[in-house]
Amino acid sequence: MSTRPRTHDLDPHPPVDLPKLGHDLNNVLMTIGSATFVLGEKLRGTTQDEGEIGEIEAALERATELVRQLRSAQPALAPTPRPQPASGTPPAVVLLVEDELTVRRVIRRVLETIGFEVLEANDGRAAIEIAEHELGRVSLLLTDVMMPEIGGPELASKLLLLRPELKVIYMTGYLGEVERRGGLMPKGAALLTKPFTPGALITCVRETLTAGNTPALSFV
(Lines give C-alpha, C1' and ligand atoms only; values in the text may rest on other atoms or scores of the structure.)
Protein backbone atom coordinates (compact mmCIF):
# COMPACT_ATOMS: atom_id res chain seq x y z
CA MET A 1 0.00 0.00 0.00
CA SER A 2 1.38 3.38 -0.98
CA THR A 3 2.30 5.75 1.82
CA ARG A 4 2.68 8.69 -0.50
CA PRO A 5 0.69 11.64 0.90
CA ARG A 6 -2.38 12.71 -0.99
CA THR A 7 -2.15 16.02 -2.83
CA HIS A 8 -4.75 17.71 -0.65
CA ASP A 9 -2.83 16.66 2.48
CA LEU A 10 0.27 18.59 1.44
CA ASP A 11 0.73 22.06 2.96
CA PRO A 12 1.92 24.32 0.11
CA HIS A 13 3.12 26.83 2.69
CA PRO A 14 4.70 24.93 5.60
CA PRO A 15 5.04 26.91 8.84
CA VAL A 16 8.14 29.06 9.01
CA ASP A 17 9.76 30.36 12.18
CA LEU A 18 9.83 34.00 11.09
CA PRO A 19 11.81 35.40 14.06
CA LYS A 20 14.50 32.74 13.53
CA LEU A 21 14.44 33.37 9.78
CA GLY A 22 14.95 37.08 10.33
CA HIS A 23 17.80 36.37 12.75
CA ASP A 24 19.45 34.03 10.23
CA LEU A 25 19.11 36.55 7.42
CA ASN A 26 20.67 39.24 9.58
CA ASN A 27 23.59 36.95 10.40
CA VAL A 28 24.10 36.21 6.70
CA LEU A 29 24.15 39.89 5.85
CA MET A 30 26.64 40.59 8.63
CA THR A 31 28.86 37.78 7.34
CA ILE A 32 28.76 39.15 3.80
CA GLY A 33 29.35 42.70 4.99
CA SER A 34 32.27 41.89 7.26
CA ALA A 35 33.93 39.52 4.79
CA THR A 36 33.54 42.05 1.98
CA PHE A 37 35.08 44.76 4.13
CA VAL A 38 38.07 42.59 5.08
CA LEU A 39 38.51 41.48 1.47
CA GLY A 40 38.36 45.06 0.25
CA GLU A 41 41.05 46.11 2.70
CA LYS A 42 43.29 43.28 1.53
CA LEU A 43 42.74 44.05 -2.15
CA ARG A 44 43.77 47.65 -1.51
CA GLY A 45 46.98 46.28 0.01
CA THR A 46 49.51 43.84 -1.37
CA THR A 47 48.00 40.49 -0.35
CA GLN A 48 44.86 38.63 -1.34
CA ASP A 49 43.04 35.89 0.51
CA GLU A 50 40.58 33.36 -0.86
CA GLY A 51 39.14 32.86 2.64
CA GLU A 52 36.89 35.92 2.55
CA ILE A 53 35.72 35.09 -0.99
CA GLY A 54 34.70 31.63 0.22
CA GLU A 55 32.82 33.17 3.16
CA ILE A 56 30.90 35.47 0.82
CA GLU A 57 30.01 32.61 -1.55
CA ALA A 58 28.79 30.42 1.33
CA ALA A 59 26.78 33.27 2.81
CA LEU A 60 25.16 34.01 -0.54
CA GLU A 61 24.10 30.38 -0.89
CA ARG A 62 22.60 30.49 2.61
CA ALA A 63 20.87 33.78 1.84
CA THR A 64 19.29 32.24 -1.29
CA GLU A 65 17.85 29.40 0.80
CA LEU A 66 16.54 31.79 3.46
CA VAL A 67 14.86 33.97 0.85
CA ARG A 68 13.20 30.86 -0.61
CA GLN A 69 11.81 30.04 2.84
CA LEU A 70 10.63 33.62 3.27
CA ARG A 71 8.80 33.52 -0.07
CA SER A 72 7.09 30.28 0.93
CA ALA A 73 5.76 31.98 4.06
CA GLN A 74 4.69 35.18 2.29
CA PRO A 75 0.98 34.25 1.75
CA ALA A 76 0.58 33.81 5.50
CA LEU A 77 1.99 37.22 6.33
CA ALA A 78 -0.38 40.09 6.96
CA PRO A 79 0.55 43.24 5.04
CA THR A 80 2.51 45.70 7.14
CA PRO A 81 0.95 49.18 7.02
CA ARG A 82 3.34 51.91 6.03
CA PRO A 83 3.98 54.30 8.94
CA GLN A 84 2.19 57.60 8.50
CA PRO A 85 3.21 60.96 9.96
CA ALA A 86 0.95 62.61 12.49
CA SER A 87 -2.19 64.11 11.04
CA GLY A 88 -1.42 67.32 9.20
CA THR A 89 2.34 66.84 9.56
CA PRO A 90 4.25 66.33 6.30
CA PRO A 91 6.96 63.66 6.34
CA ALA A 92 10.53 64.77 6.95
CA VAL A 93 12.51 65.04 3.72
CA VAL A 94 15.93 63.43 3.29
CA LEU A 95 18.27 64.31 0.43
CA LEU A 96 20.16 61.07 -0.24
CA VAL A 97 23.39 61.36 -2.23
CA GLU A 98 25.12 58.09 -3.10
CA ASP A 99 26.87 57.11 -6.33
CA GLU A 100 26.28 53.36 -5.98
CA LEU A 101 22.80 52.52 -7.28
CA THR A 102 22.29 49.37 -5.21
CA VAL A 103 23.25 51.08 -1.95
CA ARG A 104 21.06 54.07 -2.81
CA ARG A 105 18.04 51.87 -3.47
CA VAL A 106 18.44 49.97 -0.20
CA ILE A 107 18.77 53.16 1.86
CA ARG A 108 15.79 54.75 0.14
CA ARG A 109 13.63 51.69 0.75
CA VAL A 110 14.49 51.64 4.46
CA LEU A 111 13.82 55.34 4.98
CA GLU A 112 10.56 55.35 3.03
CA THR A 113 9.37 52.33 5.00
CA ILE A 114 9.58 54.30 8.25
CA GLY A 115 7.82 57.33 6.81
CA PHE A 116 10.48 59.65 5.36
CA GLU A 117 10.27 61.28 1.96
CA VAL A 118 13.50 60.69 0.06
CA LEU A 119 14.98 62.77 -2.74
CA GLU A 120 17.90 60.94 -4.31
CA ALA A 121 20.92 62.00 -6.33
CA ASN A 122 23.77 59.92 -7.75
CA ASP A 123 26.44 62.59 -7.24
CA GLY A 124 27.10 66.03 -5.84
CA ARG A 125 26.15 67.94 -8.97
CA ALA A 126 22.78 66.20 -9.19
CA ALA A 127 22.21 66.97 -5.51
CA ILE A 128 22.90 70.67 -6.08
CA GLU A 129 20.40 70.70 -8.95
CA ILE A 130 17.75 69.16 -6.70
CA ALA A 131 18.61 71.60 -3.92
CA GLU A 132 17.98 74.57 -6.21
CA HIS A 133 14.28 73.71 -6.11
CA GLU A 134 13.78 71.55 -3.02
CA LEU A 135 16.31 72.60 -0.36
CA GLY A 136 13.72 74.52 1.62
CA ARG A 137 11.90 71.25 2.35
CA VAL A 138 14.97 69.17 3.15
CA SER A 139 15.65 68.39 6.82
CA LEU A 140 18.59 66.03 6.39
CA LEU A 141 21.43 65.54 3.95
CA LEU A 142 22.60 61.91 3.91
CA THR A 143 25.67 61.79 1.71
CA ASP A 144 28.57 59.56 0.77
CA VAL A 145 31.93 61.10 1.61
CA MET A 146 34.00 60.16 -1.42
CA MET A 147 32.34 60.81 -4.78
CA PRO A 148 33.60 62.00 -8.19
CA GLU A 149 34.00 65.76 -8.67
CA ILE A 150 32.07 66.96 -5.60
CA GLY A 151 32.55 64.94 -2.43
CA GLY A 152 30.14 64.82 0.48
CA PRO A 153 31.88 67.38 2.71
CA GLU A 154 32.15 69.92 -0.10
CA LEU A 155 28.50 69.36 -1.00
CA ALA A 156 27.44 69.78 2.62
CA SER A 157 29.37 73.05 2.98
CA LYS A 158 27.65 74.47 -0.13
CA LEU A 159 24.17 73.50 1.06
CA LEU A 160 24.76 74.66 4.63
CA LEU A 161 25.52 78.14 3.34
CA LEU A 162 22.02 78.20 1.88
CA ARG A 163 20.30 76.33 4.72
CA PRO A 164 22.31 76.56 7.98
CA GLU A 165 19.77 74.46 9.94
CA LEU A 166 20.27 71.49 7.59
CA LYS A 167 21.33 68.31 9.42
CA VAL A 168 24.07 66.18 7.82
CA ILE A 169 25.09 62.53 8.05
CA TYR A 170 28.13 61.24 6.18
CA MET A 171 28.57 57.67 4.91
CA THR A 172 31.81 55.96 3.92
CA GLY A 173 33.18 52.54 3.15
CA TYR A 174 36.73 53.92 3.24
CA LEU A 175 37.10 54.98 6.85
CA GLY A 176 40.85 54.36 6.79
CA GLU A 177 41.30 56.63 3.79
CA VAL A 178 39.12 59.32 5.35
CA GLU A 179 41.16 59.17 8.56
CA ARG A 180 44.47 59.28 6.67
CA ARG A 181 43.49 62.30 4.64
CA GLY A 182 41.95 64.09 7.61
CA GLY A 183 39.95 67.29 7.49
CA LEU A 184 37.37 65.83 5.13
CA MET A 185 34.53 66.17 7.61
CA PRO A 186 33.78 68.60 10.42
CA LYS A 187 34.81 67.40 13.87
CA GLY A 188 31.95 65.58 15.58
CA ALA A 189 30.05 64.98 12.33
CA ALA A 190 27.57 62.10 12.28
CA LEU A 191 29.14 59.20 10.40
CA LEU A 192 27.84 55.85 9.17
CA THR A 193 30.54 53.36 8.26
CA LYS A 194 29.60 50.96 5.45
CA PRO A 195 28.40 48.29 5.60
CA PHE A 196 25.75 49.29 8.14
CA THR A 197 22.49 47.67 9.14
CA PRO A 198 19.03 49.17 8.56
CA GLY A 199 18.74 49.54 12.33
CA ALA A 200 21.96 51.55 12.52
CA LEU A 201 20.76 53.76 9.66
CA ILE A 202 17.39 54.41 11.30
CA THR A 203 18.97 55.14 14.69
CA CYS A 204 21.50 57.58 13.26
CA VAL A 205 18.90 59.41 11.17
CA ARG A 206 16.43 59.77 14.02
CA GLU A 207 19.06 60.84 16.55
CA THR A 208 20.54 63.38 14.16
CA LEU A 209 17.15 64.92 13.41
CA THR A 210 16.07 65.09 17.04
CA ALA A 211 19.35 65.92 18.75
CA GLY A 212 20.87 68.36 16.29
CA ASN A 213 24.62 67.85 16.23
CA THR A 214 25.24 64.15 16.79
CA PRO A 215 28.58 62.76 17.98
CA ALA A 216 30.54 60.79 15.41
CA LEU A 217 28.90 57.40 15.01
CA SER A 218 30.38 54.26 13.51
CA PHE A 219 28.13 51.31 12.75
CA VAL A 220 28.83 47.95 11.10
#### Entry: Condition met for G183 (in a loop (DSSP other than H, G, I, E, B), out of contact with any helix residue (DSSP H, G or I) (no Cβ under 9 Å at 6 or more places or on another chain) and modelled with pLDDT under 95)
no
### Query
Picking from G152, G136, which residue would you name as being at pLDDT 85 or above and in contact with an Asp or Glu (Cβ under 6 Å, 6 or more places away or on another chain)?
G152
### Message
Looking at segment 158-175, can you tell me whether even one residue there is at pLDDT below 90 and among the small types (G, A, S)?
### Response
yes
### Query
Hey, among V110, V103, which residue is in contact (Cβ under 8 Å) with a residue 60 or more places away in the chain, touching a Pro at 6+ places or on another chain (Cβ under 7 Å) and surrounded by fewer than 18 Cβ atoms within 10 Å (Cβ to Cβ)?
V110
### Query
Tell me, which residue of segment 186-204 that is under 25 Å from P148 (Cβ atoms) and touching a strand residue (DSSP E or B) at 6+ places or on another chain (Cβ under 7 Å) is modelled with the highest pLDDT?
C204
### Task
Would you mind telling me which numbered condition in (1) modelled with pLDDT under 90; (2) surrounded by fewer than 19 Cβ atoms within 10 Å (Cβ to Cβ) V178 fails?
(2)
### Task
Please enumerate the residues belonging to segment 105-125 that are aliphatic (A, V, I, L, M), farther than 13 Å from L140 by Cβ and in contact with a strand residue (DSSP E or B) (Cβ under 8 Å, 6 or more places away or on another chain).
A121
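The values are calculated or read from the model by the stated rules, or taken from the named source; none is laboratory data. For clarity, every value in this text was computed on a predicted model and none was experimentally measured. Counting neighbours? That spans all protein chains shown, and the Cβs are built from the backbone with ideal geometry, glycine included.
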